[in-house]
1. Test residue 84 against the stated conditions and say whether it is open to solvent by 10 Å² or more (accessible area, probe 1.4 Å), modelled with pLDDT of 95 or more and more than 10 Å from the ligand (Cβ to nearest atom).
2. Do you know which of the residues in segment 103-122 that are in contact with a Ser or Thr (Cβ under 8 Å, 6 or more places away or on another chain) and assigned to a loop (DSSP other than H, G, I, E, B) is farthest from the ligand (Cβ to nearest atom)?
3. What's the total number of residues in segment 294-314 that are within 13 Å of the ligand (Cβ to nearest atom) and surrounded by fewer than 19 Cβ atoms within 10 Å (Cβ to Cβ)?
4. Among the residues of segment 200-220, which ones are within 12 Å of the ligand (Cβ to nearest atom) and touching a helix residue (DSSP H, G or I) at 6+ places or on another chain (Cβ under 7 Å)?
5. Got at least one residue in segment 193-207 being modelled with pLDDT of 95 or more, on the phi > 0 side of the Ramachandran plot and not aliphatic (A, V, I, L, M)?
6. Which residues, counting only those in segment 123-146, are in contact (Cβ under 8 Å) with a residue 12 or more places away in the chain and within 16 Å of residue 100 (Cα to Cα)?
7. Give the residues of segment 56-70 that are among the basic types (Lys, Arg) and in a loop (DSSP other than H, G, I, E, B), sorted by residue number.
8. Is it true that residue 291 is in contact (Cβ under 8 Å) with a residue 40 or more places away in the chain, part of a loop (DSSP other than H, G, I, E, B) and near the ligand (Cβ under 8 Å from one of its atoms)?
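The values are calculated or read from the model by the stated rules, or taken from the named source; none is laboratory data. In this text, all values refer to a predicted model and were calculated from it rather than measured experimentally. Virtual Cβ from ideal backbone geometry, glycine too; neighbours counted across all protein chains shown. The protein model used for the area step is the full one, side chains on, heavy atoms only, and it has no ligands, DNA or RNA in it. Shrake-Rupley method; radii C 1.70, N 1.55, O 1.52, S 1.80 Å.
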Amino acid sequence: MTAAVSSHSCAPGMLNGEPTAGQVTMNSLPQPRSAAAAGVVTAAVILQNRRGMERKAFGRTGVVASVIGQGTWHMGESPREREREVAALSLGLDLGLTHIDTAEMYGNGGAEEVVADTIRGRRRADLFLVSKVLPQNASYRGTIRAAEQSLRRLRTDYLDLYLLHWPGKYPIADTMSAMESLVAAGKIRFVGVSNFDVNDLGAAIAVLKRERLACNQVLYNLATRSIERDLIPWCRQQGIAVVGYTPLDGFPRPGSEGLKLLTEIGTRYGKTPRQVALRFLTRAEIAFTIPKASNPEHVRENAGACGFALTQEDVAAIDTAFPAPRAPVPLATG
Ligand code: NAP
């Protein structure tokens, strides 16, 4: 089985527009057998840095981001945890998990401050920093103000990506217009959304005048695969990156058949069951994942969820053990 290489693959040796020491490897990911997984698996051009962390084109933005990123929800909530959280995120950066997801909501701004401590002294261009505006702040002026506050807390000049956290009461045209003003002012590079279904995405795209929608961040794990049915194929067509959140929820219990399967597959590649799960969840060329880990062992395990490709048989077996819904269901949220 051959797989076509993505038409929006990133330029070899370029990271976010800058030369890197990365090498390009072609990952011909296998095609699935089942209808539920159809339209998900395609080939992506993968850049691998010296640490082996994979990066790939972030939709049609023209930049690449690490396939495995780092979440920060519940970070910055307790001063006692601060040192441990900074250490975990720093370890992740050292391992190549340079795609960091945060939000004004997390720790009421505290998570952004944890990220600020983590990135101090790092080369900004090596990072892909994402934050989010809460829907209740997402008026035109409120969005601008929220972005500026996030930048202050993050102690950086720009965000790589700014998301509307979920659809809210303000007209999407106002929020998107503010996002376009932020791009024009150099405060954010790309515009995105989170928890948007296909209809919401269409509405956001329709009101954008100068920018393309870069990303939709949505719930995606082994127990919640409904986005594979319509949302992933739709986003692929539009060149929108799909970032899966809460990827480790719904992980199979000890002694379950599901865990046995992931263990058996992982053993063949020298990978853990969780690494197999994260690999499965990032097999679509537009898919990224952002597990959150404060424990260094978890960070290492998550960073190791790349550098191998699942076979067609592996994907089919996982698809059967953790079935996606056969009928359309409303978008699940975390
Ligand atoms: P998650 O990443 O699926 O799970 C986090 C939990 O899993 C933590 O308890 C963590 O423990 C543990 N863990 C991490 N790696 C592990 C490993 N290798 N083995 C065993 N346990 C492991 O859940 P999440 O935090 O909800 O989602 C990830 C990120 O997505 C969030 O942090 C946030 O940035 C984003 N998110 C976005 C939305 C949205 O609406 N856009 C919603 C939810 C989440 P330790 O911390 O102790 O290591």
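1. no
2. Applying the filter and picking the extreme gives 104.
3. Step one: of segment 294-314, the residues within 13 Å of the ligand (Cβ to nearest atom) are 294-305.
Narrowing further to those that are surrounded by fewer than 19 Cβ atoms within 10 Å (Cβ to Cβ): 294-298, 300-301.
Looking only at that region, the number is 7.
4. Matches in segment 200-220: 216, 218, 220.
5. Yes: segment 193-207 contains one or more residues that are modelled with pLDDT of 95 or more, on the phi > 0 side of the Ramachandran plot and not aliphatic (A, V, I, L, M).
6. First pass over segment 123-146, keeping only residues in contact (Cβ under 8 Å) with a residue 12 or more places away in the chain: 124-144, 146.
Passing the criteria: 124, 125, 126, 127, 128, 129, 130, 131, 132, 133.
7. 60
8. Criteria met by residue 291.
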